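Input: a single structure, listed below in structure tokens.
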Amino acid sequence: MEAEKKYFGGWFMWIVFLMIGAGIVFGGLRSVGMIGQTVVERKIFENSYQKSEADKMARVTYDSQLAILRARLGNHELYNGARIEIQAQIDSINILRRLK
């Protein structure tokens, strides 16, 4: 009888830990929005005023950063390492602009 209790208790604890672990994982995924949203909710968010304004502000920010970096790149007194670094920053901002 005692062995049966230990066997049942072991399985019961594994099931409880599995349920708690699954709750933590799925709760975390839901809190970051990876699961649980319907297609309609996602479309409403993508078409919302806040998202469109945030995208516009991101584009304006990228454009201003590009203008500053291109002005710095126009300085003929820069050494070669700084030129390469500025060009890399310009390339990364261009990639971000394409993603928006």
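Here, each number is a calculation from the coordinates, and none is a lab measurement. This is a predicted model, so every value here is computed, not measured. For neighbour counting, all protein chains shown are included, and Cβ atoms are generated from backbone atoms with ideal geometry for every residue, glycine included.
Quick check on the stretch 49-100: what does the Kirkwood estimate of hydrodynamic radius come out to from the alpha carbon pairs, in Å? With all distinct Cα pairs of the stretch 49-100 included, I get 11.9 Å. Its Cα gyration tensor gives the chain an equivalent ellipsoid, and the semi-axes of that ellipsoid, as √(5λ) in whole Å with the largest first, are 54, 23, 7.
Helix 2-31 versus the longest principal axis of the chain: what angle, 0 to 90°, nearest 10, using Cα atoms? So the inclination is approximately 20 degrees. Relative to the longest principal axis of the Cα atoms of the chain, helix 80-99 runs at roughly 60 degrees. Put a dot 7 Å past the Cα of Ala71, heading toward its Cβ, do the same for Ile95, and the two dots end up 2.6 nm apart. Pairs of Lys residues in the chain that lie 8 or more places apart, or on two chains, and have C-alpha atoms under 23 angstrom apart add up to 5. Put simply, when 51-59, 10-18 are sorted by average Cβ atoms within 10 angstrom per residue, most first, you get 51-59, 10-18.
What does the highest-first list of 20-29, 81-90 look like by mean Cβ count within 10 Å? Walk me through the numbers before you get to the answer.
On the way: 20-29: 10.8, 81-90: 13.3.
Put in order of decreasing packing, that is 81-90, 20-29.
For the chain, the mean residue ellipticity at 222 nm estimated from helices alone is -28500 deg cm²/dmol, where every DSSP H run of n ≥ 4 contributes -39500 (n - 2.57) and the total is divided by all residues, rounded to the nearest 500.
Positive contributions from Lys and Arg (+1) and negative ones from Asp and Glu (-1), summed over other residues with Cβ under 15 Å from the Cβ of Glu41, come out at +3.
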